[in-house]
Amino acid sequence: MKTRIDWVRENCLLLRAITQEFAAARPFAGKTIGTGIHLEPKTVALLLTLQSGGARVVSTGNLNSTQPSAVDYLRAEGVTVIGGQTTELSEHRRNLAAVLDHRPDLLLDNGGDLFDLWRERRFPGLLGGTEETTSGRMRLAPLRAELAMPILVINDSPIKQFAENEHAVGQSVLESYLRITNRVTNGQRVTVFGYGACGRGVAANFRAANAKVSVVDRDPVRRLEAHLDGHDTPGRDTALASADLVITVTGARGIIGPADLPLLKDGAILANAGHFPVEIEAEAMASAPAVARRSSFADGVEELELTDGRRIRILAGGHMVNLAGPRPMGNSIESMDLGFALQARCLEAIALGQVAASDCVVPVPRRIDEQVASAYLTMRYP
Ligand SMILES: NC(=O)c1ccc[n+]([C@@H]2O[C@H](COP(=O)([O-])OP(=O)(O)OC[C@H]3O[C@@H](n4cnc5c(N)ncnc54)[C@H](O)[C@@H]3O)[C@@H](O)[C@H]2O)c1
């Protein structure tokens, strides 16, 4: 029987076409690509596409999201995979350092980990690379002078913004909430922290599932947008006090912490969809004096029972909820196929010397966006 990874590879139509093209043109011949990205079925399709272009691919996962079946599949295909699933930051950093020990020519980064670490463990010959996320862009932008090489930020492509961050993250956060908790959404009060592309999609999907959605964003322009989209925009504390479910997706740290425990209502569920597990201070909340007992249900649901009897539930320890729980699937195959086609084309452009060093931590070039958009439409609707 074919596996889910095979299913994903068959449905990544853009990556399939690029794989064929790369196998003939070999844009990465003789080059090593180092990656630190979630290892799951769709990234398998991307890494094998890069390998088909002649690259030696050396990869490790991100915190908490590595899927053993993806690691086994990659290793069987000849990709070097360092480490396995871990929630330990120190182990993760060791794995990232081991990727850099291979002295890659190009980096495919996710969250800025590899480029940041390269500053401490410099080696010559790094041509540049890509950064997948908003959080990574925020981390790397202040380091431009030190990095001084082409780094294209996939997240800043309009395609990634609407196809993945808005539509697909929204859909997969809803799917994950239902899969992990099996709880109703209809009539529930859901508060979304952050109304960027991801938050917009999360809010829209929960509203489509008949929840009553409120939005909290520190930016009044984003709050206005949420208001005009039909969501409530109460003050932060009011929103927290009435929420059955709180979802953070801001990219910022300390959005919900121990000081919020008195506000939350009995049974409130907290989940994070932002990249780093820092938006909900899960550990600090669990060890707050107001917590009388701490227990775990299956599938990554932790319950904090407070001294006054209220129970607060935190999903996946505050790690990205849409890559957690039983049989996590992440974003839709088509949305990832689009984002990863951008990745493949950007790395190709850098490998071929088509991007200037001054294009350091900048969005995907418009011509690559157009190329990928045209390919998707032509392929599916010839
Ligand atoms: N779960 C996934 O699959 C997935 C996919 C893509 C991106 N992400 C992550 O989701 C996060 C958000 O991404 P985005 O593209 O929507 O970012 P964005 O920058 O477009 O939006 C973030 C929003 O959060 C708001 N915000 C920041 N700090 C806040 C605070 N303290 N209180 C309230 N609002 C605050 C900002 O004003 C902004 O409107 C990032 O961490 C990103 O890496 C997750």
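Here are some notes:
- Among residues that are in a helix (DSSP H, G or I), assigned by TED's automatic domain parsing to the domain that holds D113 and aromatic (F, W, Y), F22 is included.
- Residue within segment 216-228 that is under 25 Å from G325 (Cβ atoms) and either surrounded by fewer than 22 Cβ atoms within 10 Å (Cβ to Cβ) or in the same structural domain as G267 (by TED's automatic domain parsing) (or both) present: yes
- Candidate set from segment 319-369 (those that are closer than 19 Å to D109 by Cα and of a type in the set (S, T, Y)); member that is surrounded by the most Cβ atoms within 10 Å (Cβ to Cβ): S335
- Residue identified as touching a residue at least 12 places away in the same chain (Cβ under 8 Å) and either away from the ligand (no atom under 16 Å from the Cβ) or touching a Lys or Arg at 6+ places or on another chain (Cβ under 7 Å) (or both) among R236, R311, R223, R253: R311
- In segment 49-81, residue modelled with the highest pLDDT [restricted to those that are touching a Lys or Arg at 6+ places or on another chain (Cβ under 7 Å) and under 14 Å from G34 (Cβ atoms)]: A55
- Of all residues making up segment 134-179, the number that are β-branched (V, I, T) and within 8 Å of the ligand (Cβ to nearest atom): 3
- Options T35, T3: the member that is among the β-branched types (V, I, T) and surrounded by fewer than 18 Cβ atoms within 10 Å (Cβ to Cβ): T3
- For D260: the one exception among (1) over 26 Å from V301 (Cβ atoms); (2) more than 8 Å from the ligand (Cβ to nearest atom); (3) not basic (K, R): (1)
- Any chance K42 is in the same structural domain as M336 (by TED's automatic domain parsing), crowded, with 18+ Cβ neighbours inside 10 Å and at pLDDT below 95: yes
- Hits in segment 95-107 (condition: within 13 Å of E120 (Cβ to Cβ) and surrounded by fewer than 15 Cβ atoms within 10 Å (Cβ to Cβ)): D101
- Residue in segment 116-130 that is of a type in the set (S, T, Y) and within 11 Å of the ligand (Cβ to nearest atom) present: no
- Scanning segment 184-209 for residues that are within 17 Å of R223 (Cβ to Cβ), within 13 Å of the ligand (Cβ to nearest atom), of a type outside the set (G, A, S) and without any contact (Cβ under 8 Å) to a residue 40 or more places away in the chain yields Y195, R200.
- Extreme residue, farthest from the ligand (Cβ to nearest atom), among residues of segment 270-291 that are part of a strand (DSSP E or B) and crowded, with 23+ Cβ neighbours inside 10 Å: L270
- Checked against the criterion of being more than 26 Å from L263 (Cα to Cα), in contact with a helix residue (DSSP H, G or I) (Cβ under 8 Å, 6 or more places away or on another chain) and not β-branched (V, I, T), the candidates A316, A349, A357 yield just one match: A349.
The values are calculated or read from the model by the stated rules, or taken from the named source; none is laboratory data. Values in this document were obtained by computation on a predicted structure and should not be read as measured data. Cβ: placed from backbone, ideal geometry, glycine included. Neighbour counts: every protein chain shown.
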